[in-house]
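Notes for the one structure printed next.
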Amino acid sequence: MAYSFHNKSAILFDMDGVLYDSMPNHSKAWSQAMERFGMHMTPHDVYLNEGATGHDTVVRISLRDRGYEASEQEIDDIYGYKAELFRSMPEARVMPGSQDVFRKASAAGLKILIVTGSGQKNLIERVQKDFEGFITRDRMVTAFEVKRGKPYPDPYLKGLEIAGVPASEAVVVENAPLGIRAAVAAGIDTIAVNTGPLEDEILLAEKPVLLLHSMQELADNLENLFA
Ligand code: CA
């Protein structure tokens, strides 16, 4: 790998699809919730919209499938139902290799933050246990900290503010096209980790500096990349 991150002092991680293998559950929940309201979301649609807020996702799919914007009430109902379905599903496993990445990032002296569009309170709680010693709630940007979600740069700009570092000293780890777009819009070098079914080209179109295929691959290369 030609790229080097030797000047970086902070590493910002997305959560779903990066730290947890939770996207298959999100995909099933979105698909079922949308069917009930007369819309249709394939797994490919879910992964393409990943990282956006639930609100923005419902608006986009409603326009596409029904030709009109969903009302605020309907958005609440659909997203509420989707969240209920998601909570009823078996717990997603920690993404293999991600805890190894955290250990190595910490040993390399990097500040670790999580920047997620998620508002799933159980997962926001759980991540602090699964990655104990490396992450606390005050080092997390969630749906509760920003008004405008990804693909706006706001969540990552908030992350930089919390880390107290300029964009040039940070690196982002993202799995979703809209997430990469948000990080790049914030001026941050981004490592794409393609853990889902999308073609590499879709992620590369958002201009990450590097594309890997698993968190284990990042763990195996982290010391070299940041040396
Ligand atoms: Ca993600």
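Numerical summary
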| read-out | value |
| --- | --- |
| Once exposed loop trypsin sites (Lys or Arg not before Pro) are cut out (DSSP; at most 11 other Cβ, 10 Å), longest piece of the chain | 1-92 |
| Cα-projected label distance for F37 with R103, points at 7 Å along beta-carbon direction, nm | 4.3 |
| Against the rule of thumb 2.2 N^0.38 Å, how large the Cα Rg of region 37-144 comes out | 1.29 |
| Zone of A185's modelled label, taken as backbone nitrogen in region 9-32 under 16 Å from a point 7 Å along Cα→Cβ | none |
| Distance (nanometres) between label positions extended 7 Å along Cα→Cβ at Y3 and K28 | 3.3 |
| The chain: angle of helix 23-36 to the longest principal axis, Cα-based, in degrees nearest 10 | 20 |
| Label-to-label distance, nm, for residues given as R64 and A205 (7 Å Cα→Cβ offset) | 1.2 |
| Mean projection area, nm², convex hull over Cα of the chain | 11.3 |
| Candidate lysines - alpha carbon under 21 Å from K121, same-chain residues fewer than 8 apart omitted | K28, K82, K129, K147, K150, K158 |
| Fully extended contour minus Cα-Cα distance, from H213 to E132, at 0.36 nm per residue | 26.7 nm |
| Modelled FRET efficiency - R0 30 Å, K147 with D220, Cβ distances, 0.05 increments | 0.20 |
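Computed from the coordinates by the stated procedures, all read-outs in this text should not be read as laboratory data. A quick note: this is a predicted structure, and the numbers were derived from the prediction, not measured. Using ideal geometry, Cβ is built from the backbone for each residue, glycine included, and neighbour counts are taken over all protein chains shown.
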